[in-house]
Amino acid sequence: SVTYAGGGGSGNSQVAAGTGGSGGGGNGGASNVAGTAGTANTGGGGGGSGGGSPQQPGGAGGSGIVILSYSVASQTVFTFKSSTTWVCPTGVTSVDYLVVAGGGGGGNVATQSSYNAGGAGAGGFRTGTALSVTAGTEYTVTVGAGGAGGSGSANGSSGGNSTFSTITSNGGGG
């Protein structure tokens, strides 16, 4: 089983840095260490950087993922790791879905070693069953990118939204 959407760990220059959340969250950096990136295709948030000099960037957020499952003659599962379109096959009237947005990028701190940077938020996570679809219809699948890690005492950027049909999961905050 796979776990999705873990938050990023906090960077810390004075004590042990924070551990990223289960579900792909990146670990925070210790003093003078960059935050770890969130795991790709999990929506994990990037870890914050540790303070100190030279400055190190926050970790980038992990990209999102969209997974569709439906039954025709047998169970079929589609996993989308990048944006595309999906044409609903003949005989399919509903799908089960998992839509995970990109995680935010971890923050960065000033060169003073007493400052700490925050880890980023995980990408939004939506799951459901029996979403109505129409055979022959083309559906847009958008997989949100992970946000960039912060540099130069800046916050990381937010992750991108992931969508399927009318379902949208919002990107994690940077």
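Looking at (1) open to solvent by less than 40 Å² (accessible area, probe 1.4 Å); (2) more than 15 Å from GLY8 (Cα to Cα); (3) part of a loop (DSSP other than H, G, I, E, B), which is the one condition that is false for GLY128?
Going through (1) open to solvent by less than 40 Å² (accessible area, probe 1.4 Å); (2) more than 15 Å from GLY8 (Cα to Cα); (3) part of a loop (DSSP other than H, G, I, E, B) one by one, GLY128 breaks only (3).
Taking VAL87, is it touching a strand residue (DSSP E or B) at 6+ places or on another chain (Cβ under 7 Å) and either buried (at least 16 other Cβ atoms within 10 Å of the Cβ) or within 22 Å of THR3 (Cβ to Cβ) (or both)?
Values: touching a strand residue (DSSP E or B) at 6+ places or on another chain (Cβ under 7 Å): yes; either buried (at least 16 other Cβ atoms within 10 Å of the Cβ) or within 22 Å of THR3 (Cβ to Cβ) (or both): no.
In short, no.
Report yes if TYR4 is under 24 Å from THR163 (Cβ atoms), in contact (Cβ under 8 Å) with a residue 12 or more places away in the chain and not in a loop (DSSP other than H, G, I, E, B), otherwise no. Give the derivation first.
Working: under 24 Å from THR163 (Cβ atoms): yes; in contact (Cβ under 8 Å) with a residue 12 or more places away in the chain: yes; not in a loop (DSSP other than H, G, I, E, B): no.
No; evaluated as a whole, the condition is false for this residue.
Closer than 21 Å to THR168 by Cβ, at pLDDT below 95 and small (Gly, Ala, Ser): is that true of SER69 in this structure?
yes
Could you tell me whether VAL100 is touching a residue at least 40 places away in the same chain (Cβ under 8 Å) and surrounded by 22 or more Cβ atoms within 10 Å (Cβ to Cβ)?
Spelling it out, VAL100 is indeed touching a residue at least 40 places away in the same chain (Cβ under 8 Å) and surrounded by 22 or more Cβ atoms within 10 Å (Cβ to Cβ).
Name the one entry in VAL66, VAL92, VAL77 that is on the phi < 0 side of the Ramachandran plot and crowded, with 24+ Cβ neighbours inside 10 Å.
Details: VAL92 fails: crowded, with 24+ Cβ neighbours inside 10 Å; VAL77 fails: crowded, with 24+ Cβ neighbours inside 10 Å.
On inspection, the qualifying residue turns out to be VAL66.
Where in the stretch 30-121 are the strands (runs of 3 or more DSSP E), entirely inside, with at least 1 residues that are among the aromatic types (Phe, Trp, Tyr) and in contact with a Leu (Cβ under 6 Å, 6 or more places away or on another chain)?
Numbers: elements: 65-71, 75-80, 84-87, 94-100.
So the answer is 75-80, 94-100.
Looking at (1) crowded, with 24+ Cβ neighbours inside 10 Å; (2) at pLDDT 90 or above, which one does GLY11 not meet, given that it meets all the others?
Unmet for GLY11, out of (1) crowded, with 24+ Cβ neighbours inside 10 Å; (2) at pLDDT 90 or above: (2).
The rows are residues; the columns are (1) within 19 Å of LEU98 (Cα to Cα); (2) in contact with a strand residue (DSSP E or B) (Cβ under 7 Å, 6 or more places away or on another chain).
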site: GLY8; (1), (2): no, no
site: ASN12; (1), (2): no, yes
site: GLY18; (1), (2): no, no
site: GLY25; (1), (2): yes, no
site: GLY35; (1), (2): no, no
site: GLY38; (1), (2): yes, no
site: GLY43; (1), (2): yes, yes
site: GLY47; (1), (2): no, no
site: GLY51; (1), (2): no, yes
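The values are calculated or read from the model by the stated rules, or taken from the named source; none is laboratory data. Remember, predicted model here, so these are calculated numbers, not experimental data. Note that we place each Cβ from the backbone using ideal geometry, even for glycine, and neighbour counts take in every protein chain shown. With ligands, DNA and RNA removed, areas are computed over all heavy atoms of the protein, side chains included. Shrake-Rupley method; radii C 1.70, N 1.55, O 1.52, S 1.80 Å.
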